[in-house]
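Below is one structure, written out as structure tokens; comments come after it.
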Amino acid sequence: MSNPGVVTLTKTSACWQELKIEDNLGEAIHIHFGQFRIDLTVKEFEELAIKAENILDQMNELFPVDNVGWRDLNPIFLQNPKNTDIIFRLEDVYVTKMKLKDIYVDSYIHLPFVGNVFMYRPLKYSRVVKALHGFSQDNNKYDQLNELFVSNEERVQKNLEFIQKNLYPVDNQYIILNADNMIIDGQHRSACLSYIYGLDYEIPVMKWVFDDANHVFFPPRKSLFDVIVHSYASWIRDKIRESIKLPRKGIHWLVKQKKFIQKRITMLSKDAFTTFMPVGIEDFFSVLNSNNIQYIKLDLNIMTLDYSANIAVLVNPKCKYEFQNCMLKHGFVEDNMCIGGGYKYLYSLEKDCWYKSELLRVHVYYHLLCKSLFEQALLPLDQYIENMAWTTKEYNDECQCYQLSDEVSLIVYLTQCIYFEQAFSEENRKRLSKYMDCLTDESMEPMLKGVFFGFTKRLISLLRNRNFDDIISEYRYYKEY
């Protein structure tokens, strides 16, 4: 007998694959992940759910702050992979009071010719507030995660009835804001509270402070005037580009001529270039030091490319804007050259960037990025390695700057080879060979354990014997991991 109906209980995505749970009435519970399907009885599914809850409690050890845990967060909020990513960037969490009118929500304004422009605006402009006052169009067409079998309109009404009955907050489920009072979770509750009590009503909220004051997950909060000016400036620029209609080949030809002229000028002053290039590198570090910018020189070979020297640095996110101003002040411009720009990084929403001058090209990281094929993995690997980078950095007298310790350099190259490239190239084998002496240090094994856990001892043995070809295959199928 075939099942009389199939009901989708919930669905989301993980590792770029659709994850869906279905109730096949009269048959079983099906869990679909990509092309795979798992069949469970209702009892087996309930047992799996209980085990998942237990895992959630154990995962509290990975939460970067002590005064909040996974069970304190809204399940709908946790369904969004972006939200679980930003959790590992938390530096502080505290509860404070503020008026509802001071809370900002994601919204948009409509500009003639330009169309809808996204911006953060006060709560009174929320699509949920509009829906509560009878204007439901924006909220109904908004694509958002909801509870099972609940529409956007029903979710608004359900939240209103819940707050009218149970007040706010319930079970430490606070409305969550960032440092700039932008809502991270709780727009529906905020809207319902304003509908019941008015915008001057004061409520307790939970503030999340990230390791980057202007975390990339939240675009900087701009005034209405700034948004309008920027939008029309972009619109005018695009219209000018369309009107010029310069052929693409012509643009490429002009760029090539510019590079050719620059090379000819540089070659004519070759003597000046050969003496100036190392001075430029030293001057670069001197400028960062004089501006009190915290940075670490990364161990990438300094080589010449189009008569430019390449430098790689890790900059403390707290110094991000001072660093950017410093670069612009000293004649550097942003360069669109970016290695591996199409890949996503593990627990980092901010990619690396480049700056260039006539003689220097600077590769900048604000987080020590560890690339991974598993975007939604639960281990905050880059934070672990990044913390080690700052605490074990070593001073280089020759360059007069801090650089990564040999131990951290070894771990960085290993994670790149195993997690991202899934291969040990000849170049990386040579790089790793420079740091093999670290394997004899007592401190090396505990540091590696934070990344490779039970596989650590076997990994050290394979590295000492230079069995690079066996590392990835054994690690992938290691049963006692």
Residue order for Val209, Val412, Val364 - accessible surface, 1.4 angstrom probe, largest first: Val209, Val412, Val364
Heavy atoms of Ser433: accessible area, 1.4 Å probe, square angstrom to 10: 50 Å²
Spatially proximal aspartates and glutamates relative to Lys43 (Cα-Cα < 17 Å; intrachain offsets below 8 disregarded): Glu22, Asp23, Glu27, Glu53
Sequence-distant residues sharing a close amide H with Cys401 (under 5 Å, placed H): Asn396
Accessible carbon and sulfur surface of the range 111-198 relative to its total accessible area, %, 1.4 Å: 49 percent
Sequence of Arg431, Arg89, Arg464 from largest to smallest accessible area, 1.4 Å probe: Arg464, Arg431, Arg89
His110 accessible area, 1.4 Å probe, all protein chains in place, Å² to nearest 10: 130 Å²
Protection proxy ranking of 93-105, 125-137, 159-171 - average other beta-carbon atoms within 10 Å, highest first: 125-137, 93-105, 159-171
For Ala312, residues with placed amide H under 5 Å, excluding near neighbours: Leu298, Leu300, His363
All aspartates and glutamates inside 14 Å of Lys101 as judged from Cα atoms, apart from same-chain residues fewer than 8 positions distant: Asp180, Asp200, Glu202
Accessible heavy-atom area order of Ile50, Ile296, Ile184, Ile228, highest first, probe of 1.4 Å: Ile50, Ile228, Ile184, Ile296
Aspartates and glutamates with Cα under 16 Å of Lys430, excluding same-chain neighbours fewer than 8 positions away: Asp299, Asp406, Glu407, Glu421, Asp469
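Could you tally the net charge around Glu46, taking each other residue with its Cβ under 14 Å from the Cβ of Glu46, Lys/Arg +1 and Asp/Glu -1?
-2
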In nm, spacing of pseudo-spin labels at Tyr477 and Gln294 (7 Å Cα→C-beta vector): 4.5 nm
With all protein chains modelled, accessible area of Trp354 [1.4 Å, Å²]: 10 Å²
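The values are calculated or read from the model by the stated rules, or taken from the named source; none is laboratory data. Not measured: the values here are computed from a predicted model. Counting neighbours? That spans all protein chains shown, and the Cβs are built from the backbone with ideal geometry, glycine included. Side chains included, ligands, DNA and RNA excluded: accessible areas come from the protein's heavy atoms. Shrake-Rupley method; radii C 1.70, N 1.55, O 1.52, S 1.80 Å.
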